[in-house]
1. Does L33 count as within 14 Å of the ligand (Cβ to nearest atom) and of a type outside the set (S, T, N, Q)?
2. For the subset of the stretch 93-123 comprising residues that are part of a loop (DSSP other than H, G, I, E, B) and away from the ligand (no atom under 13 Å from the Cβ), which member is farthest from L33 (Cα to Cα)?
3. With respect to A81, is the statement that it is touching an Asp or Glu at 6+ places or on another chain (Cβ under 9 Å) and either part of a helix (DSSP H, G or I) or free of Cβ contacts under 8 Å to residues at least 24 places away in the same chain (or both) true?
4. Any residue in the stretch 9-31 that is in a helix (DSSP H, G or I), surrounded by 15 or more Cβ atoms within 10 Å (Cβ to Cβ) and in contact with a Phe, Trp or Tyr (Cβ under 7 Å, 6 or more places away or on another chain)?
Amino acid sequence: QTILVLNGPNLNLLGQREPGVYGAQTLADVENLCRAACERHGYTLDFRQSNHEGALIDALHAAGADQAAGTLAGVVFNAGAYTHTSVALHDAIKGAQVKVIELHISNVHAREPFRHHSYLSPVSAGVLCGFGVHGYAMAIAALAAT
Ligand code: DQA
């Protein structure tokens, strides 16, 4: 089975973007740690990033179909700022009936008030935030265990 790790807007800038908040590791480093975590748990990794809301929606729809076919265990989804704005991503997760772990590198609840609300949490199986990029490995472990 595959685990899809899906990254939204601006996460391609990891490493150079606000390193005090998001750390020094790049998206390539995150991909490597996700691959190691998937191998540890016996899954194949599909790792993607897009700055485009529609591309993320398409990926969630495809993930729902793959999950129904039994080839996908679920999705670790860092939707970036779309977390706080996107009814369309909420509807996509719900409509595709796909199992999503919502993931944030930073502790969004300790930051600006506009980051405290998530459109994704009500349609996610679980939420992880505040553990830096290690959260990706934790979310993969959570998918493997549940
Ligand atoms: C983020 C938190 C969001 O508020 C922000 O817009 C991001 C990254 C995180 O991983 O901590 O782009 O999802």
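1. Numbers: within 14 Å of the ligand (Cβ to nearest atom): no; of a type outside the set (S, T, N, Q): yes.
Judged against the criteria, L33 is not a match.
2. Looking at residues that are part of a loop (DSSP other than H, G, I, E, B) and away from the ligand (no atom under 13 Å from the Cβ), I get Q97.
3. Here the answer is no, as A81 does not meet what is asked.
4. Yes, there is a match, as at least one residue in the stretch 9-31 is in a helix (DSSP H, G or I), surrounded by 15 or more Cβ atoms within 10 Å (Cβ to Cβ) and in contact with a Phe, Trp or Tyr (Cβ under 7 Å, 6 or more places away or on another chain).
For every residue, the table says whether it meets (1) within 13 Å of the chain's Cα centre (by Cα); (2) basic (K, R); (3) under 21 Å from A137 (Cβ atoms); (4) away from the ligand (no atom under 15 Å from the Cβ).
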{"site": "G20", "(1), (2), (3), (4)": "no, no, no, no"}
{"site": "A37", "(1), (2), (3), (4)": "no, no, yes, yes"}
{"site": "G42", "(1), (2), (3), (4)": "no, no, yes, yes"}
{"site": "G54", "(1), (2), (3), (4)": "no, no, no, yes"}
{"site": "L60", "(1), (2), (3), (4)": "yes, no, no, yes"}
{"site": "A69", "(1), (2), (3), (4)": "no, no, no, yes"}
{"site": "T85", "(1), (2), (3), (4)": "no, no, no, no"}
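Bear in mind these aren't lab numbers, they're just calculated from the coordinates by the rules spelled out. Everything numeric in this text was worked out from a predicted model, so none of it was measured. Here the Cβ is made from the backbone with ideal geometry for all residues, glycine too, and neighbour counts use every protein chain on show.
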